[in-house]
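Asker: Following this message is one structure expressed as structure tokens.
Every number here is computed from the coordinates shown, using simple stated rules; none is lab data. These figures come from a predicted structure and were not determined experimentally. Positions of Cβ are generated from backbone atoms using ideal geometry, with glycine treated the same way; all protein chains shown enter the neighbour counts.
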Amino acid sequence: MPLQRELIYINGKDETGRVVSYSYQAKKCVIAFRNSDKPYLYNADKVKIVKTAISEDEAFNIFSYLEKIADTVGLKTEEGANILARSYQRISFIAKDCILANYLNGKMPPENSNHQPVEVFPFGFNISQKNAVNTAFSWPLSVIEGPPGTGKTQTILNIIANAVMNGKSVAVVSSNNSATKNAYEKLEKSGIGFIAALLGNSQNRKEFIESQTDVPDLSNYKLSEEERTRIEENTQKLFHRLLGYLSKKNELALLNQELDNIKTEHQHFLNTYQGQTEETVKYFKPRITSNALLALWVSIENQARKGKKFGLIKRFVFRIKYGIKDRLFYTYSFEKMIHICQSRYYPTKISELEKRARVLENSLTKFSFSSKMKEYTNLSMQLLKAELNVRYNRRKEKHIQSVNSAPIHPNSSKIIL
């Protein structure tokens, strides 16, 4: 069936394919059918017009444009079939409340205001992963991006886990087999690979159906109400404690990055001046901070642009703020003044960063962050497996006898059952 811009129901029956045109006259609807010489009159309440996502011309034109692009550049199979174009051809109706409708009409999808923040992460988490999971459940569409090794698969697994715990099914699709297999193998490693089916192309579906095994004995996953309550309370407490220390881990990571950058900058500075450093002790307060030195550095640069020497009032302010007492300092050129500030700034900044890093490292070590995160993930996994025990015990069939549908992409996909 060609793509419909609207659906036409007459007496509750979909007659879209037969209708050529319709119009309203008073309380009547005039409908012209294919292969009919005369129009038919219906009471207006007997006819229902359902608008679709492409009822508006602009949305329809955008979809048509995308369809033409797919026909031109779509990925092709070995037999020459255009996979993407074929997928577009299969679309006969686009509901107004689907994500594609939002895209075609240039509207943001509504946020799910009823979503409760996720606090169970059986596969571990960091702050960005926690935010990504919550965003995925708060919005109909979300994008998680990052270079390899940043934990995207871990995030997907936590999304799967929470969806399954809430009685939902999940389809994980990808343009390549390795991405879906990676997630599937991690489920298997955690002992819950039985909840997933590797599908996609016909060979994958055939292998899955032929290699089905019984759902394993889940009795060990069962928790009494008392046990579940206790684990949920401990998980929640650990979750909130971990959040605080994850903030410290983030801060430590940023500190180490900043420390590497400032050390590199300091080395460039030393190379520029061929290792020459100025005696700075006599010019500044003993405990002057790097921020104060940077402020003085900027003040000198601003004064240099004006081309004027520092007056008595400015010198008095500098004496109070920075501890500059030596009159000799003001006899130097602006360039040398800046050099003196830089000579003190870099070691001071490096010392401050290293001190803060040690504080954070000691705090994380004292808390035993790694062991606490492991404890938390184990408790979260217990809750997930307990829910699987309940879910699968409700099922009568232990095998999937057939797979009637599959994702439109021919490569591998995972269907969480």
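Asker: For the range 141-249, what class follows from the C-alpha gyration tensor (a ≥ b ≥ c being the square roots of its eigenvalues): rounded when a/c is under 1.5, otherwise prolate if a/b is larger than b/c, else oblate?
Answerer: Verdict is oblate for the range 141-249.
Asker: Could you tell me which of rounded, prolate or oblate describes the range 1-70, using a ≥ b ≥ c as the square roots of the eigenvalues of the alpha-carbon gyration tensor, with rounded for a/c under 1.5 and, failing that, prolate when a/b is larger than b/c and oblate otherwise? Walk me through the numbers before you get to the answer.
Answerer: Working: a/c = 2.52, a/b = 2.02, b/c = 1.25.
In terms of gyration-tensor shape, prolate.
Asker: Taking the Cα centre of the chain as the origin and placing charges on Cβ (Lys, Arg +1; Asp, Glu -1), which of Val172, Thr135, Val20 is farthest toward the positive end of the dipole?
Answerer: Thr135
Asker: Using the 2.2 N^0.38 Å rule of thumb for compact globular proteins, work out how the range 120-163 stacks up: its C-alpha Rg over that value, please.
Answerer: 1.03
Asker: Springs between alpha-carbon atoms under 10 Å, Gaussian network over the chain: tell me which of Ile288, Ile62, Ile350 tops the mean-square fluctuations.
Answerer: Highest fluctuation among the options: Ile288.
Asker: Of the lysine pairs in the range 40-154, how many meet both conditions: Cα atoms under 26 Å apart, and a spacing of 8 or more in sequence or different chains?
Answerer: Lysine pairs satisfying the spacing and distance rule in the range 40-154 number 11.
Asker: Moving on. Above 25 angstrom, tally the Cα pairs of the range 34-160 and express them as a % of all pairs, no decimals.
Answerer: Of all Cα-Cα pairs in the range 34-160, 55 percent lie more than 25 Å apart.
Asker: Something else now. Nearest 20 debye, what's the magnitude of the dipole of the range 1-114 about its Cα centre given +1 on Lys and Arg Cβ and -1 on Asp and Glu Cβ?
Answerer: Here the range 1-114 has a charge dipole of around 520 debye.
Asker: Which angle from 0 to 90°, rounded to the nearest 10, does the C-alpha axis of helix 369-393 make with the longest principal axis of the chain?
Answerer: Result, in degrees: 10.
Asker: Return the equivalent ellipsoid semi-axes of the chain as a descending list in whole Å, where each equals the square root of 5 times an eigenvalue of the C-alpha gyration tensor.
Answerer: 62, 35, 21
Asker: Still on this structure, please answer the following. So which of Lys222/Lys372; Lys168/Lys237; Lys237/Lys374; Lys249/Lys372; Lys186/Lys366; Lys237/Lys366 end up more than 21 Å apart, counting from Cα to Cα? Please report the intermediate quantities before stating the final value.
Answerer: Values: Lys222/Lys372 24 Å; Lys168/Lys237 26 Å; Lys237/Lys374 14 Å; Lys249/Lys372 14 Å; Lys186/Lys366 30 Å; Lys237/Lys366 18 Å.
From Lys222/Lys372; Lys168/Lys237; Lys237/Lys374; Lys249/Lys372; Lys186/Lys366; Lys237/Lys366, over 21 Å: Lys222/Lys372; Lys168/Lys237; Lys186/Lys366.
Asker: Angle between the Cα long axis of helix 57-73 and the longest principal axis of the chain, 0 to 90 degrees, nearest 10?
Answerer: 80 degrees
Asker: Could you tell me how many degrees, from 0 to 90 and to the nearest 10, lie between the Cα long axis of helix 312-322 and the main elongation axis, the longest principal axis, of the Cα atoms of the chain?
Answerer: 70 degrees
Asker: To check my understanding: the extent here is largest minus smallest coordinate of the Cα atoms along each principal axis. What are those three numbers for the range 224-341, in Å, largest first?
Answerer: Computed over the Cα atoms, the extents are 81, 34, 26 Å.
Asker: Between His268 and Leu41, 0.36 nm times their residue separation minus their Cα-Cα distance comes to what?
Answerer: This chain segment gains 73.1 nm when fully extended.
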